[in-house]
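The values are calculated or read from the model by the stated rules, or taken from the named source; none is laboratory data. Just so it is clear, the model here is predicted, and its values are computed rather than measured. Note: ideal-geometry Cβ built from the backbone for every residue, glycine included; neighbour counts use all protein chains shown. All accessible areas refer to the heavy atoms of the entire protein, side chains included, with ligands and DNA or RNA removed. Shrake-Rupley method; radii C 1.70, N 1.55, O 1.52, S 1.80 Å.
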Amino acid sequence: MGFLSRLFGSKNDRAKRTGLQKTDRVYIDRKAANRAIIRHCVESGQLQRQLIIIYFFKETKAEFEVAVTNATNVSWVNAFFPAQIRQAGIGGWDNVDVIVAETYPDINTEQQLLDELTNAGYTKPTLTFYNGLDDPTLVLFGAERIQKLMRSLGLKDDEPVEHKMITKSMDRAQEKLSKKNFSIGRIDSRVEMVRRLTSV
C-alpha cells in the first residue's frame, strides 16, 4: 500500500483518540516547516502572546537558536521532560500558544505529551505539529513522492498541507512501527532516529 493510499485510507483504521487532539501541518521540507515556526514566533510577539515550542530532537532547537534568540515571548520545552510542561502552564494558558516543532515516530510518546498537557490544564481542543516531508517518520514511508506531487500541483514551499486524513495517515505510519515490535524509546537526536528507522 502506497503513501497516498494510507493518506486517504479508511476512517475505521484506528479508534478515535480521546482528549486533546493532534493535527499535523506538513510542509515540503524541514526548512519550510522551520520558517513557518519562526513566522509563528513573530506573530505571537506582535500579539503579545507567549509561545511555547515543544521539541523532541536536539537538532530542532539548535536550528532555531540564532533565529529566535531575541524573542522574549518564546519558551522551548523538551517533550521528554514532563516537569517542564507542567512548569510552563503554572501561570495559566489564557495568553499562551503551544505548538510542537515536529512529529515523533513513536505514537505512544506523542500520546504521553498530549496527556501531560491536559494534566497541566491545557484546555484547547487541538495541538498543531509542524512537519517537513524530510522528517524521520515521513521519509520512512516514501514522502519523497509526495514532495514531487506537491511541487507538480504548484504548491509553494511555504504552503502547508493540513487535513485530518494526514494526521490519520501519520498515526498509521507510527503504528506500523509498533507492529514490528520496534521499541524506539527516547531518542533525542534526529540523525540517530533516521539511522535507527532505516536499519529496521
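Would you rank D94, D29, D134 by solvent-accessible area, highest first, keeping every protein chain in place and using a 1.4 Å probe?
Output order, biggest surface exposure first: D94, D134, D29.
Sorted by accessible area with a 1.4 angstrom probe, largest first, how do I54, I38 fall?
Output order, biggest surface exposure first: I38, I54.
For region 81-167, run through the trypsin sites (Lys or Arg not before Pro) and keep only the ones in DSSP coil with at most 15 other Cβ atoms within 10 Å of their Cβ. Can you show the working numbers first?
Details: sites: R86, R145, K148, R151, K156, K164; in loops: K156.
When the trypsin sites (Lys or Arg not before Pro) of region 81-167 are filtered for loop state and at most 15 Cβ neighbours within 10 Å, K156 remain.
At what distance in nm do the modelled label points of R86 and K124 sit from each other, each positioned 7 Å from its Cα along Cα→Cβ?
Taking the simple label geometry, R86 and K124 are separated by 2.3 nm.
Tell me the per residue accessible area of region 48-90 using a 1.4 Å probe; a whole number in Å² is fine.
53 Å²
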